[in-house]
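Asker: One structure coming up, written as structure tokens, with questions to follow.
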Amino acid sequence: MTDCLFCKMVSGEIKPDTVYEDDEVLAFRDINPQAPTHVLVVPKQHVATINDLDAGTAGVVGRMLLAAAEVARQEGFSEQGYRTVMNCNEHGGQTVFHIHLHLLGGRIMGWPPG
Ligand code: AMP
Ligand code: ZN
């Protein structure tokens, strides 16, 4: 996708503050952090929303969670705990239409979310 912000980060056209990368996913710091650590984990393959996942692409979501757990270890809060979130479409608050997992850590999270 030529016009997708996160595809441009995967291709290197835009350089994010990368904290983790493997063959299927890229993780980088959110530009507008909502916690002491706020990292976005994205698949290298473009999928616009959770609604667009199918049997062929759904496996990458597990890889996104594995990457989030690895970043939480790197950041030193895996035992204290953290929040992972995937927003979908308008009511979910999605603003970038390339699926991403938010990893938030370093403070106690409230519930329910707003
Ligand atoms: P969402 O609202 O769930 O679609 O999340 C999109 C996230 O992308 C927001 O938390 C933004 O702060 C973040 N974001 C937008 N532009 C950038 C950027 N250039 N670099 C890093 N994070 C970004
Ligand atoms: Zn994309």
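Asker: Relative contact order for segment 5-105: what percent, with Cα pairs under 8 Å and sequence separation of 6 or more?
Answerer: 32
Asker: If ligands, DNA and RNA are left out, what is the accessible area of F28 with a 1.4 Å probe, given in Å² to the nearest 10?
Answerer: Roughly 10 Å² of F28 is accessible to a 1.4 Å probe.
Asker: For segment 46-114, what is the relative contact order in percent, using Cα pairs closer than 8 Å and at least 6 residues apart in sequence?
Answerer: 40
Asker: Ignoring ligands, DNA and RNA, what percent of the 1.4 Å accessible area of the chain is carbon and sulfur?
Answerer: 52
Asker: Can you tell which of H102, Y82, M9 lies farthest toward the positive end of the dipole of the chain, using +1 and -1 charges on the Cβ of basic and acidic side chains (Lys, Arg; Asp, Glu)?
Answerer: Y82
Asker: If you take the C-alpha gyration tensor of the chain, multiply each eigenvalue by 5 and take the square root, what semi-axes do you get, largest first, in whole Å?
Answerer: 21, 16, 14
Asker: Can you pull out the cysteines in the chain that have no other Cys Cβ under 4.7 Å?
Answerer: When partners are defined as cysteine Cβ atoms under 4.7 Å apart, the chain leaves C88 without one.
Asker: I've got another one for you. Can you give me the convex hull volume of the Cα atoms of segment 35-75, divided per residue and expressed in Å³?
Answerer: For segment 35-75, the hull spanned by Cα atoms encloses 74 Å³ per residue.
Asker: Now for a separate question. Only helical DSSP H runs with n ≥ 4 go in: add -39500 (n - 2.57) per run for the chain, normalise by residue count and round the 222 nm mean residue ellipticity to 500 deg cm²/dmol.
Answerer: Here the helix-only value at 222 nm equals -7000 deg cm²/dmol.
Asker: Continuing with this model, one more query. Given Cβ point charges of +1 (Lys, Arg) and -1 (Asp, Glu) and nothing else, what value in debye, to the nearest 20, does the dipole of segment 5-105 about its Cα centre take?
Answerer: 160
Asker: How charged is the neighbourhood of L5? Take every other residue with its Cβ under 15 Å from the Cβ of L5, and add Lys/Arg as +1 and Asp/Glu as -1.
Answerer: My count for the surroundings of L5 gives 0.
Asker: Excluding ligands, DNA and RNA, what is the solvent-accessible area per residue of segment 5-105 at a probe of 1.4 Å, expressed in Å²?
Answerer: That works out to 53 Å² for each residue.
Asker: Also, quick follow-up: Specify the angular offset, from 0 to 90 degrees and rounded to the nearest 10, of the alpha carbon long axis of helix 59-75 from the longest principal axis of the alpha carbons in the chain.
Answerer: Once rounded, one gets 40 degrees.
The values are calculated or read from the model by the stated rules, or taken from the named source; none is laboratory data. As the structure is a computational prediction, the values presented were derived from the model and not from experiment. Counting neighbours? That spans all protein chains shown, and the Cβs are built from the backbone with ideal geometry, glycine included. Calculation scope for accessible area: heavy atoms of the full protein, side chains included, ligands and nucleic acids excluded. Shrake-Rupley method; radii C 1.70, N 1.55, O 1.52, S 1.80 Å.
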